[in-house]
Amino acid sequence: MTASLTLVVLMAVLFGAGISIMLERSLTRVLIGFLLVGNAVNILIFLMSGAPGLAPILSEGVDPDEISDPLPQAFVLTAIVINLGITAFMLALIYRSWWLARLGEKGDLVDDVSEDIEDAEEAADLIRSSAADDRAIQDIIDASDEEPEEVPR
């Protein structure tokens, strides 16, 4: 069986559209182009896998020449997983660049000053509390070291 002309044309269109969209400046368009190229690669692997055949399970009475090759199926599944991982990474990059663009010149430093002040006040409170606890413990130790006063009977 030969490859379907429709699939070959679809693959070529996906490659062409994907590469042309990837050349744009926008990260969103790069992501869309990457998805199109990834799907075109999956179709290419499918087309190159050869004629369909029986399930790749050897049993009695099955001619090994009639069995389909399972390796292209594994390649397509692997390509899908890799495509999904890279898509998730690119979505994170797009979100981060969008967030930084909204912040403008301030960049990542928007809340750092107020957080630093809060952290410093919290640390000062902990130091004061710790010093008060240390004084109280030392007073208890000093009181226990003194000789007890005679209690009149």
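Just so you know, in the stretch 39-76 the residues that are exposed (fewer than 12 other Cβ atoms within 10 Å of the Cβ) and among the aliphatic types (A, V, I, L, M) include one that is farthest from Thr28 (Cα to Cα), and it is Leu58. Taking first residues from the stretch 73-95 that are under 14 Å from Ser49 (Cα atoms) and partners that are in a helix (DSSP H, G or I), the Cβ contacts under 6 Å between residues at least 6 apart in sequence or on separate chains come to Phe75/Ile45; Val76/Asn42; Val76/Ile45. A residue that is of a type outside the set (S, T, N, Q), touching a Gly at 6+ places or on another chain (Cβ under 7 Å) and either under 15 Å from Thr87 (Cα atoms) or outside any loop (DSSP other than H, G, I, E, B) (or both) cannot be found anywhere in the stretch 43-62.
None of the figures in this text is laboratory data; all of them are computed from the coordinates on show. Small disclaimer: the values here were computed from a predicted structure and weren't measured. For neighbour counting, all protein chains shown are included, and Cβ atoms are generated from backbone atoms with ideal geometry for every residue, glycine included.
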